[in-house]
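Colleague: Got a structure for you, questions after.
Derivation of every value follows stated rules applied to the coordinates shown; laboratory data play no part. Being a predicted model, the structure only gives us computed values, none of them experimental. Using ideal geometry, Cβ is built from the backbone for each residue, glycine included, and neighbour counts are taken over all protein chains shown.
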Ligand SMILES: *Cc1c(COP(=O)(O)O)cnc(C)c1O
C-alpha cells in the first residue's frame, strides 16, 4: 500500500533528525509488525505496563519504568509525580496545586524549545518553573539556592544538543536535589543510546522518547527509582489520562527494546561513521563544497555530515540550496541550525543508500544549474 499516493502526500527524504513534524523515525519491519498485531487484540493494560517496567529496567539498569504517550507527556507527568506523590486526593486535584510544594527548578540553559517550550510541560502539571543560573551556565550553588526555597518539588535537567551554556554537573545537581527530598528528573528525550549514563547520575526519573533513537511507535519511556515510577503511574487516574500510552505503542516499544538489546552498538556506531565518511567524501568532490563528519555534541554514538557551501564559488548560498532541496521531489529535509554559518547539516541514520545517492545527485544538479545561470 503506497500511503503517499493514496492520500496525496509529499515524499520526504528525512535528513533532519528525529523531528516530530516529519514523522520522527523509521521503525523496523519487526517493530511495525508487532505494533500492527496489537491493534486487533485486547490486553490487560496494567499487565502490559508491568511487562514494560521489567523490560525497561533490564534495558536501562533502572529499578522500574513506565510508558506514557510521549516524552513531553513524560516530563509533565514526572513533574506531577513530584507534586502529588501517590496521594489520590492530590492526583485528582491537579493541575490545582494549592497547598502543595509545586516549584520546578530548571537551569536557564536547559529551557529548551523542541517545538514548544519545555516550560509549558512544567506548567501543564500546575507547577511553576523557577529558572536558575544564566544562559552562560548554572553552577551547583545556584541550583542549591533555588532548591532551598520552600516551594521546590522537582529539579528538571535536560540532556540534549539543544541546551546552551557551560555543561551542568548532572550528578552534583541530582545529589543536591535528593539531599533536600526534591525529585530529580532528566529529560533525555533523544538520548536513548545514553540512558544508562543518565540513570547513573542518580536521577529519580529519566524521560526518553521511544520514537526517536529507539524507533518505536510514539511513546514516552520513563525509567528510574521504583517509588518515583509508582508516583508517575498514579497519574494514570489523574492528568495522565490525557497522556496515556496506547496498547499498540506499548507492544511496539517492547519489540523495539528487544531489538535494541541484541544490537551490537560498536558495530552499529562504526557503520554510522562509515556511512557519513562516504557521504562526506562524495560531497567534497562536488564544486564549491567542503564537508566534514561532526560528532554529536551531546555524545550520541554517530556523527552528522556538515557541508560548507562557498556561496561565491557556487553562485548559490546554503539557505537557497536547502530551500531548493526542500522544494524538489522527493522533498529533502536537513537540519536547519547550520544555515546561518553557511552549512548544510545532514543526519543520515535512518536513510537507505539510494536515499543518500538521491541527496548527492540533487546537490550536484542544483550546483550545476546555479553555475549555468547568468550572474
Ligand atoms: C523531542 C524532545 C522532547 C519531546 O519528545 P516527544 O516524545 O516528541 O514528546 C522533549 N525534550 C527534548 C529535549 C526533545 O528533544
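Colleague: Working from Cα positions, state the angle (0 to 90°, nearest 10) between the long axis of helix 265-284 and the longest principal axis of the chain.
Modeller: Helix 265-284 sits roughly 30 degrees off the main axis of the chain.
Colleague: Picking from 42, 193, 346, which is most flexible by a Gaussian network model of the chain using Cα springs under 10 Å?
Modeller: 42
Colleague: Under a 10 Å cutoff between Cα atoms, tell me which one of 253, 315, 80 has the largest fluctuation in the Gaussian network model of the chain.
Modeller: 315
Colleague: Starting from the Cα gyration tensor of segment 1-120, take the square roots of the eigenvalues, sort them a ≥ b ≥ c, and report rounded, prolate or oblate (rounded when a/c is under 1.5, otherwise prolate if a/b is larger than b/c, else oblate).
Modeller: It is oblate, given that a/c is not under 1.5 and a/b is not larger than b/c.
Colleague: Still on this structure, I have one more. Cα centroid distance between segment 272-348 and segment 80-145, in Å?
Modeller: Cα centroid of segment 272-348 versus Cα centroid of segment 80-145: 37 Å apart.
Colleague: What spacing in nm lies between the two simple spin-label points modelled at residue 263 and residue 296, each 7 Å away from Cα in the Cβ direction?
Modeller: Output for this residue pair reads 0.8 nm.
Colleague: Calculate for the chain the 222 nm mean residue ellipticity that helices alone would give, adding -39,500 (n - 2.57) per DSSP H run of length 4 or more and normalising by residue count, nearest 500 deg cm²/dmol.
Modeller: -12500 deg cm²/dmol
Colleague: Once you've got the GNM for the chain with C-alpha springs shorter than 10 Å, pick whichever of 203, 177, 16 has the biggest mean-square fluctuation.
Modeller: 16
Colleague: Right, something else. Please state, to two decimals, what the Cα-based radius of gyration of segment 66-131 comes to when divided by 2.2 N^0.38 Å (N = residues).
Modeller: Working it through for segment 66-131, the quotient is 1.09.
Colleague: Taking Cα centroids, how far is segment 236-256 from segment 30-71 in Å?
Modeller: Each part's Cα centre sits 8 Å from the other's.
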